[in-house]
Amino acid sequence: MNLENALYVLSSVLFIFGIKRLSHPKTARSGNFIASMGMLIAIITTLIANGNISLELVGLGILIGSIIGAFFAIRVEMTQMPQMVAIFNGFGGIASALIASAEYLNPDGILSTFSLSTISLSVFVGTLTFTGSFIAFGKLQGFISGQPIVFPGQQILNGLIALFLVATAAFMVSFSTDPINHFYILIALSAVLGITLTIPIGGADMPVVISLLNSYSGIAAASTGFVLNNNALIISGALVGASGLILTNIMCKGMNRSLANVIFGAVGLDQGSSENGEAKQINVKSYSTEEAAMIFDAAEKIIVVPGYGLAVAQAQHAVREVADFLSKKGKKVLYAIHPVAGRMPGHMNVLLAEANISYEQLKDLDEVNNEFEDCDVALVLGANDVVNPAARHDSSSPIFGMPILDVDKSQTVIINKRTMNTGFAGVQNELFGYDNSIMVFGDAKDMLQQLLKDLKEL
């Protein structure tokens, strides 16, 4: 084994070890650093091994990329992490597509059948990832409706585009002297397919979409690695692709839905709800923060259930302050994390970690569900579908069968929402009308700050 391959193996080991440490919030930062060191080694090795490249241009690219990365790292709020991840997935995909395109347009000799195949795959997946990611970004940011966008014959159109894509790629591979127009057709069709596959997916399914697009970017990178005959790129792309698929599977299990159902099911489009999002009349008990404070004061065990409403209100620091106050009074405080809460995998974990909440307090669905039976108060902050008991018994509901957090088994459930509007699945939450449930309406951050004041005054 020569030095180049040995360094690539070292970088690959660091990638794997880094991904392993990313599996837990407590070790995630070190895992990210270790994987970054692996990438640095891979980049330096590639630059040294290819002495015929312009180091000035490479240095300029690194400088520009570093400035952009630093800008995003400093300016982007934690609540906007899903949007940033979506954009980064898109950039990763288009980078792979552009490199493969360069190899096709400026080949070093006659391209083999294998090279043409990997180029076609890289361009297809990379371009699809780029356009699909920016549609996902638009939905998350609000530029595009978070509701599924569907039209008659949509799936037939997608099928026809896919067939044309296969035919175009086969033509390119079979005829190396293919007119350049067919290459551009491949790019155009891939871009359109990325759009048409993503627009029917509703906001509730964004965690699955983001993890799937992340997997696509890895597949595109691995394909480009074969184009360039670069072992590090093949390995790193394969790792991203495989881990993305595993995460996608975890997200689908968290919703009790298949990947095909996520892509084609259009959940949230129309579930028989009225225009204002209220499917049926539910009688709720509205309490003030003063009344809620008295309930918390009498409780011994409290479980906080964060949802997207917490992220929108940027209330992660406020909830930590309330939890810290309650903990100092001798109360046990835990956080229940549903795998699909928020808009990306691990969204709630990242948000709470940013507020320096102890990792030991964060419990996933399997760990925490047994805790609700002896829980005095469950505080639901902006969560909706992931705590809806209808998932257990209502076979007509689009969330039927989805594993939920069993907050309804708590002695008292305090729910904070700004309105009675439905969640992204488009169904009303029957939990709101339960005898042991009370509502405290308002912005999560404002409510928690007022709740803390009321607790201190008791």
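For Leu239, only one of the following conditions fails: (1) outside any loop (DSSP other than H, G, I, E, B); (2) among the hydrophobic types (A, V, I, L, M, F, W, C); (3) modelled with pLDDT under 90; (4) surrounded by fewer than 21 Cβ atoms within 10 Å (Cβ to Cβ). What is its number?
Of the numbered conditions (1) outside any loop (DSSP other than H, G, I, E, B); (2) among the hydrophobic types (A, V, I, L, M, F, W, C); (3) modelled with pLDDT under 90; (4) surrounded by fewer than 21 Cβ atoms within 10 Å (Cβ to Cβ), the odd one out for Leu239 is (3).
Does the range 409-458 hold any residues that are assigned to a strand (DSSP E or B) and over 18 Å from Gly342 (Cα atoms), and which are they?
Those that are assigned to a strand (DSSP E or B) and over 18 Å from Gly342 (Cα atoms): Thr412, Val413, Ile414, Ser437, Ile438, Met439, Val440, Phe441.
Listed here are the residues, each with its yes/no results for (1) part of a helix (DSSP H, G or I); (2) among the hydroxyl-bearing types (Ser, Thr, Tyr); (3) not assigned by TED's automatic domain parsing to the domain that holds Leu197.
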| residue | (1), (2), (3) |
| --- | --- |
| Asn52 | no, no, yes |
| Gly65 | yes, no, yes |
| Ala86 | yes, no, no |
| Ile94 | yes, no, no |
| Leu111 | no, no, no |
| Phe137 | yes, no, no |
| Ser145 | no, yes, no |
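Could you please let me know if Asn158 is closer than 24 Å to Gly92 by Cβ, surrounded by fewer than 21 Cβ atoms within 10 Å (Cβ to Cβ) and in contact with a Leu (Cβ under 7 Å, 6 or more places away or on another chain)?
Judged against the criteria, Asn158 is a match.
Could you list, in sequence order, all residues of the range 221-236 that are part of a helix (DSSP H, G or I), surrounded by fewer than 22 Cβ atoms within 10 Å (Cβ to Cβ) and among the polar types (S, T, N, Q)?
Asn231
Which residues, counting only those in the range 10-27, are in a helix (DSSP H, G or I) and touching a residue at least 12 places away in the same chain (Cβ under 8 Å)?
Residues satisfying the conditions are Leu10, Ser11, Ser12, Val13, Leu14, Phe15, Ile16, Phe17, Gly18, Ile19, Arg21.
With in contact (Cβ under 8 Å) with a residue 12 or more places away in the chain and either out of contact with any Leu (no Cβ under 7 Å at 6 or more places or on another chain) or surrounded by 15 or more Cβ atoms within 10 Å (Cβ to Cβ) (or both) as the only criterion, which of Phe151, Phe175, Phe137 stands out?
Result: Phe137 is the single residue among Phe151, Phe175, Phe137 that is in contact (Cβ under 8 Å) with a residue 12 or more places away in the chain and either out of contact with any Leu (no Cβ under 7 Å at 6 or more places or on another chain) or surrounded by 15 or more Cβ atoms within 10 Å (Cβ to Cβ) (or both).
Identify, from the list Gly38, Gly61, Gly92, the residue that is of a type in the set (Gly, Ala, Ser), closer than 24 Å to Ser122 by Cα and surrounded by fewer than 18 Cβ atoms within 10 Å (Cβ to Cβ). I'd like the intermediate steps shown before the answer.
Details: Gly38 fails: surrounded by fewer than 18 Cβ atoms within 10 Å (Cβ to Cβ); Gly92 fails: surrounded by fewer than 18 Cβ atoms within 10 Å (Cβ to Cβ).
Going through Gly38, Gly61, Gly92 in turn, the sole match is Gly61.
Just to be sure, is Leu405 at pLDDT 90 or above, of a type outside the set (S, T, N, Q), buried (at least 22 other Cβ atoms within 10 Å of the Cβ) and assigned to a loop (DSSP other than H, G, I, E, B)?
Yes, satisfied.
Hand me the list of helices (runs of 4 or more DSSP H) wholly inside the range 303-401 holding 2 or more residues that are more than 26 Å from the chain's Cα centre (by Cα), more than 26 Å from Gly146 (Cα to Cα) and free of Cβ contacts under 8 Å to residues at least 60 places away in the same chain. Talk me through it step by step, then tell me what you get.
Working: elements: 308-313, 316-328, 347-354, 365-368, 390-393.
Correct list: 316-328.
Please verify whether Val305 is surrounded by 24 or more Cβ atoms within 10 Å (Cβ to Cβ) and either modelled with pLDDT of 95 or more or more than 30 Å from Asp205 (Cβ to Cβ) (or both), treating the condition exactly as stated.
yes
Which residues, counting only those in the range 289-302, are among the charged types (D, E, K, R) and either on the phi > 0 side of the Ramachandran plot or under 33 Å from the mean Cα position of the chain (by Cα) (or both)?
Lys301
On the basis of being out of contact with any Asp or Glu (no Cβ under 9 Å at 6 or more places or on another chain) and in contact (Cβ under 8 Å) with a residue 60 or more places away in the chain, does Arg418 make the cut?
no
The values are calculated or read from the model by the stated rules, or taken from the named source; none is laboratory data. Here the structure is a predicted model, which means the values were calculated and not measured. Because the Cβ atoms are built from the backbone with ideal geometry, glycine has one as well, and the counts that use them run over all protein chains shown.
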